[in-house]
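Below is one structure, written out as structure tokens; comments come after it.
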Amino acid sequence: MAILETDIKLLKSERMTDTDDGGGRMVNQEVVDGQSNNMFPDISELDRTYGRVNLRKVFAAVLTDDTDTYFGSNVIISEPPTDPNVSVTLFGTPAKTAWFDERTEARDKVESYVVVGPLSPMRLIGDHYEGQRAVLAYQSRTDPVPGAGDVYALVNGDEIQYFRVLSVETRDVVYYDGGPFDALEVTMEISDPLRQDWEGGTPRKDSSYQPATKIHRTSVVEAVKYYGVSPLATSASFGDLSV
């Protein structure tokens, strides 16, 4: 008797939670197909408004007494969420740790898709506080302006917070530091609120000046591969080799 499709199951991990120790080892508890909230909790209005990342670790397993040869299987996301505010992706952690790693390791993999790069031309204006959802900076009028989707990093000593730019507003200003000088003031709406206070500075004419908190560019690193699903922009026909 062959190994059947119904013999291939998804099994839960020890802790199906978003706590730091979520995940862990595989347990003999099946993720039941079609059962509501069998992996993720309901989405609150607060999470729908401000956003949240839920991570769940599951294992693929073959549950059968058959001794036939197992030729492998695959996992896909066949349909996107019906809620346009919800996105879902699959990713795996390294094989050497996948059997026992926890949420903190998975989170680090997700967050390590970018690393701190060179200094940006922007300098932080004034102190910024925990919970703030905008970053105010100044730069030369001739320097490139950040765009929506760009990722930067606030760096102060060992403290780092990455932020993605949602929108940008700029205005030409004249500051005074031993005399007037022209600059471009940049206000960036950011995707996530600041997680702590950040010390900025007063605009200065000296182009080498940097406040305590520096704004760095970032570089993309392929730390992990993601798999998702997206509607086709145009119709595809049977036999097409590309879409």
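The values are calculated or read from the model by the stated rules, or taken from the named source; none is laboratory data. These numbers were taken from a predicted model, which means no experiment stands behind them. Note that we place each Cβ from the backbone using ideal geometry, even for glycine, and neighbour counts take in every protein chain shown.
In this structure, ASP172 does not qualify as loosely packed, with under 14 Cβ neighbours inside 10 Å and either within 28 Å of THR89 (Cβ to Cβ) or under 28 Å from the mean Cα position of the chain (by Cα) (or both). If you go through segment 144-167 one residue at a time, do you hit one that is assigned to a loop (DSSP other than H, G, I, E, B), of a type in the set (Val, Ile, Thr), closer than 24 Å to ARG52 by Cα and touching a residue at least 40 places away in the same chain (Cβ under 8 Å)? Within segment 144-167 (the criterion being assigned to a loop (DSSP other than H, G, I, E, B), of a type in the set (Val, Ile, Thr), closer than 24 Å to ARG52 by Cα and touching a residue at least 40 places away in the same chain (Cβ under 8 Å)), the answer is no, since none of the residues qualifies.
Residues being free of Cβ contacts under 8 Å to residues at least 40 places away in the same chain and over 30 Å from PRO231 (Cα atoms) are represented in segment 29-51 by at least one member.
Tell me, yes or no, whether segment 105-114 has at least one residue that is exposed (fewer than 13 other Cβ atoms within 10 Å of the Cβ), within 17 Å of SER13 (Cα to Cα) and not acidic (Asp, Glu). No, the conditions are met nowhere in segment 105-114. The residues of segment 175-194 that are under 16 Å from ARG133 (Cβ atoms) and either surrounded by fewer than 12 Cβ atoms within 10 Å (Cβ to Cβ) or of a type in the set (A, V, I, L, M, F, W, C) (or both), listed by number, are VAL186, MET188, ILE190, LEU194.
The set of residues in segment 97-116 that are closer than 24 Å to THR218 by Cα and aromatic (Phe, Trp, Tyr) contains only TYR113. The set of residues in segment 115-144 that are within 16 Å of LYS205 (Cα to Cα) and not polar (S, T, N, Q) comprises PRO121, MET122, ARG123, LEU124, ILE125, GLY126, ALA137, TYR138, ARG141, ASP143.
Of all residues in segment 29-50, at least one satisfies being under 19 Å from ARG107 (Cβ atoms) and either part of a strand (DSSP E or B) or of a type in the set (Ser, Thr, Tyr) (or both). Taking ALA95 as the residue in question, decide whether it is surrounded by 11 or more Cβ atoms within 10 Å (Cβ to Cβ) and farther than 22 Å from VAL229 by Cβ. No: the conditions fail for ALA95. When segment 213-233 is filtered for residues that are modelled with pLDDT of 85 or more and either in a strand (DSSP E or B) or more than 30 Å from LYS109 (Cβ to Cβ) (or both), the ones remaining, listed by number, are LYS214, ILE215, HIS216, ARG217, THR218, SER219, TYR227. For segment 92-131, a tally of residues being at pLDDT 90 or above and part of a loop (DSSP other than H, G, I, E, B) returns 8. For segment 119-134, the candidate set comprises residues that are crowded, with 16+ Cβ neighbours inside 10 Å and in contact with a Leu (Cβ under 7 Å, 6 or more places away or on another chain); within that set, the residue that is nearest to GLY157 (Cα to Cα) is HIS128. Output the residues belonging to segment 135-154 that are surrounded by 13 or more Cβ atoms within 10 Å (Cβ to Cβ), among the aliphatic types (A, V, I, L, M) and within 18 Å of the chain's Cα centre (by Cα). Result: VAL151, ALA153, LEU154.
GLU14 meets the conditions (1) under 21 Å from THR97 (Cα atoms); (2) in contact with a Phe, Trp or Tyr (Cβ under 7 Å, 6 or more places away or on another chain); (3) surrounded by 14 or more Cβ atoms within 10 Å (Cβ to Cβ) in every case but one. The failed one is (2).
Quick check on segment 57-75. Is at least one of its residues in a loop (DSSP other than H, G, I, E, B), under 28 Å from PRO193 (Cα atoms) and in contact (Cβ under 8 Å) with a residue 40 or more places away in the chain? Yes, there is a match, as at least one residue in segment 57-75 is in a loop (DSSP other than H, G, I, E, B), under 28 Å from PRO193 (Cα atoms) and in contact (Cβ under 8 Å) with a residue 40 or more places away in the chain. Residues in segment 13-28 that are part of a strand (DSSP E or B) and either under 21 Å from ASP108 (Cα atoms) or touching a His at 6+ places or on another chain (Cβ under 8 Å) (or both): 7 in all.
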